[in-house]
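Presented below is the structure to which this report refers.
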Amino acid sequence: MAGEKYTNIRLNRDFYSRDVLTVAPDLLGKNLVISQAGIAESFKIIEVEAYRGEDDQASHARFGKTARNSIMYGEGGFLYIYLIYGMYWMLNIVTGPAGDPQAILVRGLKNLPGPGVLTRALGIDKSYHGEDLVNSERIWIEDRGDKPLVIQKPRVGISYAGEPWVSNAWRFISA
DNA sequence: AGCAAGATCGGT
DNA sequence: CCGATCTTGCTG
């Protein structure tokens, strides 16, 4: 058969267990699938940011393990959801091995630019905190074979973090 | 117990 | 540029 190779698979634990700086750019072009009320919709990931370890002074893990960020200390593939500015839910994906707090903030989906915009549009709230992308019935990520070019820039809204954290190009955008 | 600041957004 | 809106984690 002369068809092109078409992958359509849910990302597994191994994908998320790698270092956050490897997983973040690899998430671009992947499809976030959310199933609600019996209807599954998918959205291409176009922008993300990496938060890496307790040393990262921009990360919620910079104060060590707390009630809010404890999910970051577990294994990769789980969702870390938190409320910012009292009104916007942030969608984060835990990465790396257990014990190493890492997470990726999903900043943009195709046609839904903005971390607060996309969660509002998809109805993602605190109830998604701790959801496992590897086994969840209502949210996961698929690889459909897209390999976009990746642009790197400094992260947004973290001016409180000193150097080198404010300047690290840990924001990844699809070209 | 109190408080300042926040991984944002939309309207002036 | 500023206000909305409320949780978090630090300080005392």
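The values are calculated or read from the model by the stated rules, or taken from the named source; none is laboratory data. Everything numeric in this text was worked out from a predicted model, so none of it was measured. Reconstructed Cβ throughout: ideal geometry from the backbone, glycine too, with neighbour counts over all protein chains shown.
Only residues that are basic (Lys, Arg) and surrounded by fewer than 18 Cβ atoms within 10 Å (Cβ to Cβ): list them for the range A:17-54, please.
Residue satisfying the conditions is A:Arg18 alone.
For the range A:26-45, check the following and say yes or no: at least one residue is within 16 Å of DNA strand C (Cβ to nearest atom) and under 28 Å from A:Ile151 (Cβ atoms). Before you say what the answer is, go through the steps one by one.
So the first thing to find is which residues in the range A:26-45 are within 16 Å of DNA strand C (Cβ to nearest atom), and the list is none.
No, there is no match, as no residue in the range A:26-45 is within 16 Å of DNA strand C (Cβ to nearest atom) and under 28 Å from A:Ile151 (Cβ atoms).
Just one of A:Asp146, A:Asp132 is among the charged types (D, E, K, R), more than 10 Å from DNA strand B (Cβ to nearest atom) and closer than 17 Å to A:Ile34 by Cβ; which is it? So that I can check it myself, show each step before the final result.
Working: A:Asp146 fails: closer than 17 Å to A:Ile34 by Cβ.
Exactly one of A:Asp146, A:Asp132 is among the charged types (D, E, K, R), more than 10 Å from DNA strand B (Cβ to nearest atom) and closer than 17 Å to A:Ile34 by Cβ, namely A:Asp132.
Being within 16 Å of DNA strand C (Cβ to nearest atom) and either touching a helix residue (DSSP H, G or I) at 6+ places or on another chain (Cβ under 9 Å) or over 14 Å from A:Arg107 (Cα atoms) (or both) narrows it down to one residue among A:Gly76, A:Gly53; which is it?
A:Gly53
Hey, does the range A:152-173 have a residue that's at pLDDT 95 or above, closer than 17 Å to A:Ser42 by Cα, under 13 Å from the mean Cα position of the chain (by Cα) and crowded, with 19+ Cβ neighbours inside 10 Å?
The answer is no; no qualifying residue exists.
Residues that are at pLDDT 95 or above and among the polar types (S, T, N, Q): list the strands (runs of 3 or more DSSP E) wholly contained in the range A:23-129 that include at least 1 such residues.
Correct list: A:31-36, A:39-52, A:88-94, A:102-109.
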